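Okay, structure first, notes after.
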């Protein structure tokens with residue numbers, strides 16, 4: 001991991017661990033929301049945080065996502081074959097930043113974990129809404145898309161299936 005003061009301005013802004021933790025919180029919230037609406041008590045599998053942030057942080061990928069969670073991941077991949085490889089590469093490139101975001105989220109009581117998943121997006125909704133209210137349109141869009149992605153990933157199968165479709169290895 002590059003020292004903070006040696007990171008580029010873009011890296012410090014876009015790959016900021018606080019921002020990443022907020023996006024993971026929204027991913028987990030969306031995933032749990034969709035599971036609950038389907039009568040299940042599932043939590044966001046840890047491996048999907050890497051895919052989720054790869055999908056949301058790259059603007060071109062984020063903007064190409066479907067409009068509804070009922071859209072199939074397989075169909076999206078078929079319609080966007082180049083983005084499939086970008087997501088897979090993003091998972092690899094972003095791995096240390098996602099880990100840093102997870103640690104930041106845990107240290108600041110934003111996220112809680114068990115051995116394999118994010119058990120809770122803690123009840124910091126008020127603080128996060130205040131932060132988002134004072135943020136740029138793009139930051140709000142990233143948070144909104146992260147929640148959508150959490151719901152969408154839940155709908156598209158188990159983590160191994162999602163990873164396989166996207167060409168991501170564990």
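The values are calculated or read from the model by the stated rules, or taken from the named source; none is laboratory data. This one's a predicted model, so the numbers in the text were calculated from it and none came from an experiment. Every residue, glycine as well, gets a Cβ built from its backbone with ideal geometry; the counts of neighbours run over all protein chains shown.
Restricting the search to the stretch 113-139, which residues are touching a helix residue (DSSP H, G or I) at 6+ places or on another chain (Cβ under 9 Å), within 24 Å of residue 36 (Cα to Cα) and outside any loop (DSSP other than H, G, I, E, B)?
113, 117, 118, 119, 120, 121, 125, 128
For residue 110, state whether it is within 17 Å of residue 34 (Cβ to Cβ) and either in contact with a helix residue (DSSP H, G or I) (Cβ under 6 Å, 6 or more places away or on another chain) or surrounded by fewer than 17 Cβ atoms within 10 Å (Cβ to Cβ) (or both).
Working: within 17 Å of residue 34 (Cβ to Cβ): no; either in contact with a helix residue (DSSP H, G or I) (Cβ under 6 Å, 6 or more places away or on another chain) or surrounded by fewer than 17 Cβ atoms within 10 Å (Cβ to Cβ) (or both): yes.
No; evaluated as a whole, the condition is false for this residue.
Is it true that residue 15 is crowded, with 19+ Cβ neighbours inside 10 Å, closer than 23 Å to residue 138 by Cα and modelled with pLDDT of 90 or more? Talk me through it step by step, then tell me what you get.
Numbers: crowded, with 19+ Cβ neighbours inside 10 Å: yes; closer than 23 Å to residue 138 by Cα: yes; modelled with pLDDT of 90 or more: no.
Spelling it out, it is not the case that residue 15 is crowded, with 19+ Cβ neighbours inside 10 Å, closer than 23 Å to residue 138 by Cα and modelled with pLDDT of 90 or more.
Please state which of the following conditions residue 105 fails to meet, knowing it meets all the rest: (1) surrounded by 15 or more Cβ atoms within 10 Å (Cβ to Cβ); (2) modelled with pLDDT of 85 or more; (3) out of contact with any strand residue (DSSP E or B) (no Cβ under 8 Å at 6 or more places or on another chain).
It is condition (3) that residue 105 fails.
Check the stretch 62-76 and report whether any residue there is within 15 Å of the chain's Cα centre (by Cα), assigned to a helix (DSSP H, G or I), free of Cβ contacts under 8 Å to residues at least 24 places away in the same chain and loosely packed, with under 15 Cβ neighbours inside 10 Å.
yes
Just to be sure I understand, how many residues within the stretch 142-161 are touching a strand residue (DSSP E or B) at 6+ places or on another chain (Cβ under 9 Å), part of a helix (DSSP H, G or I) and over 12 Å from residue 28 (Cβ atoms)?
1
Out of all the residues in the stretch 136-151, which are surrounded by 14 or more Cβ atoms within 10 Å (Cβ to Cβ) and either under 11 Å from the mean Cα position of the chain (by Cα) or farther than 25 Å from residue 68 by Cβ (or both)?
142, 143, 144, 145, 146, 147, 148, 149, 150, 151
This table checks each residue for (1) outside any helix (DSSP H, G or I); (2) surrounded by 15 or more Cβ atoms within 10 Å (Cβ to Cβ); (3) out of contact with any strand residue (DSSP E or B) (no Cβ under 9 Å at 6 or more places or on another chain).
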residue: 2; (1), (2), (3): yes, no, yes
residue: 24; (1), (2), (3): no, yes, no
residue: 34; (1), (2), (3): no, yes, yes
residue: 39; (1), (2), (3): yes, no, yes
residue: 49; (1), (2), (3): no, yes, no
residue: 96; (1), (2), (3): no, no, yes
